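These notes concern the structure reproduced below.
The values are calculated or read from the model by the stated rules, or taken from the named source; none is laboratory data. All values derive from a computational prediction rather than experimental measurement. Heads up, the Cβs are rebuilt from the backbone with ideal geometry, glycines too, and the neighbour counts pull from every protein chain shown. Protein only, heavy atoms only, side chains kept; ligands, DNA and RNA dropped before computing areas. Shrake-Rupley method; radii C 1.70, N 1.55, O 1.52, S 1.80 Å.
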Amino acid sequence: TGTRGSLSVRKSEDKGPVMYGGSLSGAQVNTKGRTLSSSFAGYGDANAYGSVSLQNANGQTVYAGGSAGGAESGVSRSVSGYSFPGPITAFTQPLTALSDSFANMSGTAIGSLPINNAVLSPTAITTVDGVKIGMIDVTGNVLDSASSFTVNRGGADLVVINVNAPGSFTYNGNFNQTSASAYTLFNFYNSSKVSLKSWYSSILAPDATVFDSTAINGFVFADAIDTTGELHMAPLQTKVPNTSVPEPGSLALLATGLLGVGFVARRKRRRA
């Protein structure tokens, strides 16, 4: 759709609880047994501060700040004009700050990669808030030069890969390392468009519209999502540390709950 804060999954589905600052449209939402933490009282399985139109919601609870209907079917409960417990900025601001903070942390700089069987591995690990973080810095051009790659955690609890790709970034291969979704987070901190195929990791892309043609397996925070593939929520299996960002209380909440949610939020684009 291209509208900031909205999700369009077209003829596909989103597997996992979702929260959107704009509208939600597509084939179906199915939580597959995954639920929001108890910290999110007052939110349903599918939440949109705008409108909702789904072909099938698989017995889920749907809350919409605007209208909930259209092609929607198969829901347990659907509420239009819902008053959410808090503003969408309660979620967007800490996540955007988290992306900014990671982008400002020094990491292992990768200047080149082989075309085949490339390995992204941090050479140094920093402990922040009790979490061992392996930071990696790579440009979009260098990352896309590798037709395939894996992530070696090297003893880190969490590997954060800062991708410097201003404007549009497209990865023409597939990132199919299934184990990586448990500990890998890609931070597209300055991209306005990110196009992926099969992808196994969590993603922060606060200014970008994320396009996907196969499936993203991980938590996603973006400005908008437009996919002909699927979104498979796979939360990180480690705590996300309280870096030097504001609102540590909010970040503690995010670490235990929100980073286990497919999440897109309406927000203004940052200035370059």
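Quickly run through segment 109-141 and pick out the residues that are over 11 Å from Val159 (Cα atoms), of a type in the set (S, T, N, Q) and in a strand (DSSP E or B).
Thr127, Thr139
Please go through segment 199-221 and give me each residue that is out of contact with any Leu (no Cβ under 9 Å at 6 or more places or on another chain) and either under 17 Å from Val18 (Cβ atoms) or modelled with pLDDT under 95 (or both), ordered by number.
Selection gives Ala205, Asp207, Ala208, Thr209.
What strands (runs of 3 or more DSSP E), lying completely within segment 144-202, carry at least 3 residues that are touching a strand residue (DSSP E or B) at 6+ places or on another chain (Cβ under 8 Å) and farther than 15 Å from Gly107 by Cβ?
Ranges flagged: 167-170, 191-199.
Hey, can you tell me all the residues within segment 201-232 that are open to solvent by 10 Å² or more (accessible area, probe 1.4 Å) and in contact (Cβ under 8 Å) with a residue 40 or more places away in the chain?
Asp207, Thr209, Thr214, Asp226, Thr228, Glu230, Leu231, His232
On the basis of being part of a loop (DSSP other than H, G, I, E, B), open to solvent by 30 Å² or more (accessible area, probe 1.4 Å) and at pLDDT below 90, does Ser244 make the cut?
So Ser244 passes the test.
In segment 83-103, which residue that is modelled with pLDDT of 90 or more and not in a helix (DSSP H, G or I) is farthest from Val194 (Cα to Cα)?
Ser83
In segment 98-148, which residue that is under 17 Å from Phe169 (Cβ atoms) and either over 23 Å from the mean Cα position of the chain (by Cα) or touching a residue at least 60 places away in the same chain (Cβ under 8 Å) (or both) is surrounded by the fewest Cβ atoms within 10 Å (Cβ to Cβ)?
For segment 98-148, the residue satisfying everything is Ser145.
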